[in-house]
Amino acid sequence: MKARLTPALAKPVISAIMAASLLAGSCVATSTIPAAYAAATTNTAANAAADAPAAKPAAIPSYPDKNPSSNPLELAVSAAIVIDADTGQLLYSYNIDQPLPPASMTKMMTEYMVLRAVKEGKLSWEQEISVSKEAASTPADGSQIYLAEGDTHTVKELYTAMSVASANDATIALATQLGGSEAKFVEMMNATAKEIGLTTATFTSSTGLLDTTVIAAKDTAKLAMTILKEHPEFLDYSKIPSIKFRERDEKPMINNDWMLEGNKGNANFAQYTYDGVDGMKTGFLNAAGYCFTGTVKRGDTRLISVVYGTQNKGKRFLETRKLYDWAFSNLERKTIVQPKSVVESAETVTLAKGKSKTVAVATESDFTLMVKKGATPQAAVSSTSLPADGELVAPVKAGQKIGTVTYEYKDPETGAVATKQLNLVATQDVDKAGWFSLMMRGIGEFFSGLFKGIVNLF
């Protein structure tokens with residue numbers, strides 16, 4: 001027959017438990033420590049202070065293009081896009097999903113991979129490279145600096161020639177150094193494209209000389225954004241208006257980016273120069289038309305633009321100028337989440353072994369984006385990442401990263417979504433509790449759990 005605890009019998013049992021609790025509080029030296037407390041004090045992993053698990057970098061933005069035929073600025077291009085370089089926010093789009101030949105804008109991927117190799121120690125700027133036969137055999141129908149097989153030049157010299165003069169032979173010299181051959185390097189390019197989320201890219205050369213290389217405008221913009229975020233030193237090269245490759249050369253290499261602010265004072269480029277432009281890459285093929293990926297910075301705003309398929313060299317810059325003028329005239333930066341903001345769904349985080357059982361958190365930085373002048377945008381929390389109970393252990397210092405929050409803003413007109421991940425940091429110091437406090441807390445939690453179990457028997 002199963003025993004049943006009746007209310008009449010429960011009262012003396014509960015009284016006995018409460019008495020035992022009081023006795024334990026006055027005789028801690030000889031009492032048996034509750035299992036819950038004992039486990040907490042002997043669990044090495046639980047005692048180790050740890051921040052929230054490191055969050056993965058925010059994903060490259062997704063750009064909807066619901067109406068590819070919409071081109072309100074009536075640009076004479078086959079595709080165009082403008083994004084905010086900080087957030088990736090889509091500001092203007094026309095036919096941005098169609099894979100098109102990028103011509104020499106392909107070299108941005110080669111430039112990115114060289115910068116990455118330097119950062120990882122696989123190359124150094126002063127490293128001497130012997131020009132390969134493959135590089136020296138580059139067809140003469142494109143930009144080049146006439147390298148001879150066996151010539152030696154530093155990585156920096158070849159990179160400068162690739163960046164400023166769009167030199168195909170310098171590009172292939174770097175590609176063969178990294179890949180062993182251009183074909184192997186192209187395999188690396190496609191693997192890297194997949195890694196950084198360029199879903200429309202197919203590379204068939206390191207230079208863009210082949211029209212079988214294709215990439216949509218949205219992915220060209222994403223590549224440009226990735227370069228500037230990971231390797232801002234890219235601009236140190238792309239903004240050079242002209243420079244000699246060899247001291248003995250009669251003429252310097254001329255940058256094909258006629259919009260560069262550094263071209264001010266050059267009468268030949270007077271109608272194209274634009275304040276704040278400091279990169280990035282031009283391109284031309286018969287199959288592609290004239291193309292240009294550009295970037296401009298004014299104040300605290302940096303934009304990235306891409307245009308494909310204009311009919312002549314100058315037109316690609318004039319159409320880009322229209323995009324920049326429109327953006328700076330109609331849009332403004334607004335902060336929609338201030339630093340030190342409290343997230344309603346994540347005001348506090350449970351803390352183990354602290355004088356307080358929780359720690360308050362707030363955003364470390366802001367969320368600022370481009371909106372129509374006079375608009376009042378609102379951001380929504382799309383996700384948070386916080387430590388699970390027991391993972392965050394005292395002590396905690398004010399400003400310490402505890403987790404992350406991701407905000408989302410959807411443009412009411414274009415449907416484009418901008419997201420930004422912000423760190424959540426502790427707003428105060430929380431010291432570790434003393435051993436006596438922790439033991440008493442453990443005893444209390446033990447008997448509290450036992451009491452709830454008994455009540456549930458009724």
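Couple of notes before you dig in:
- Where strands (runs of 3 or more DSSP E) fall wholly inside segment 66-141, the ranges with 1 or more residues that are hydroxyl-bearing (Ser, Thr, Tyr) are 90-94, 128-130.
- Condition check for SER206: surrounded by 22 or more Cβ atoms within 10 Å (Cβ to Cβ), touching an Asp or Glu at 6+ places or on another chain (Cβ under 6 Å) and among the polar types (S, T, N, Q): yes
- Here segment 210-261 is the region considered, the condition is being of a type in the set (A, V, I, L, M), open to solvent by 50 Å² or more (accessible area, probe 1.4 Å) and in contact with a strand residue (DSSP E or B) (Cβ under 7 Å, 6 or more places away or on another chain), and the residue that is farthest from ASP275 (Cα to Cα) is ILE243.
- Residue check for ALA388: aliphatic (A, V, I, L, M) and either within 30 Å of LEU91 (Cβ to Cβ) or surrounded by 15 or more Cβ atoms within 10 Å (Cβ to Cβ) (or both): no
- Residue count, segment 367-383 (criterion: out of contact with any Lys or Arg (no Cβ under 9 Å at 6 or more places or on another chain) and open to solvent by 60 Å² or more (accessible area, probe 1.4 Å)): 6
- Scanning segment 265-320 for residues that are open to solvent by 20 Å² or more (accessible area, probe 1.4 Å) and among the charged types (D, E, K, R) turns up ASP275, ASP278, LYS297, ARG298, ASP300, ARG302, LYS313, LYS315.
- Scanning segment 384-398 for residues that are under 22 Å from the mean Cα position of the chain (by Cα) and assigned to a loop (DSSP other than H, G, I, E, B) returns a single hit, LEU386.
- Counted residues, segment 403-418 - those being farther than 20 Å from PRO387 by Cα and buried (at least 21 other Cβ atoms within 10 Å of the Cβ): 3
- Among the residues of segment 175-200, the ones that are open to solvent by 20 Å² or more (accessible area, probe 1.4 Å), over 17 Å from LYS122 (Cβ atoms) and touching a strand residue (DSSP E or B) at 6+ places or on another chain (Cβ under 9 Å) come to 2 in all.
- Any pair with Cβ under 7 angstrom, 6 or more apart, that starts in segment 333-353 at a residue that is in contact (Cβ under 8 Å) with a residue 60 or more places away in the chain and ends at one that is of a type in the set (Lys, Arg): LEU351/LYS357; LYS353/LYS432
- Summed over segment 357-366, the residues that are open to solvent by less than 40 Å² (accessible area, probe 1.4 Å) and either in contact with a strand residue (DSSP E or B) (Cβ under 6 Å, 6 or more places away or on another chain) or basic (Lys, Arg) (or both) give a count of 4.
- Contacts under 7 angstrom Cβ, first residue in segment 209-224 being at pLDDT 95 or above, partner among the aromatic types (Phe, Trp, Tyr) and assigned to a helix (DSSP H, G or I), 6 or more apart: LEU223/TYR112
- Residues satisfying the stated conditions in segment 81-129, i.e. in contact (Cβ under 8 Å) with a residue 12 or more places away in the chain and at positive phi: GLY88, ASN95, ALA103
- For the criterion of being of a type outside the set (A, V, I, L, M, F, W, C), in contact (Cβ under 8 Å) with a residue 40 or more places away in the chain and assigned to a strand (DSSP E or B), THR414 fails.
- Answer residue from segment 362-383, given it is in contact with an Asp or Glu (Cβ under 7 Å, 6 or more places away or on another chain) and not charged (D, E, K, R) and is farthest from LEU91 (Cα to Cα) among those: SER382
- Selection within segment 130-176: residues that are among the polar types (S, T, N, Q) and free of Cβ contacts under 8 Å to residues at least 24 places away in the same chain. The member of this set that is farthest from MET105 (Cα to Cα) is SER130.
The values are calculated or read from the model by the stated rules, or taken from the named source; none is laboratory data. The structure displayed is predicted, hence computed values, not measured ones. As a convention, Cβ positions derive from the backbone with ideal geometry for all residues, glycine included, and neighbour counts pool all protein chains shown. Side chains included, ligands, DNA and RNA excluded: accessible areas come from the protein's heavy atoms. Shrake-Rupley method; radii C 1.70, N 1.55, O 1.52, S 1.80 Å.
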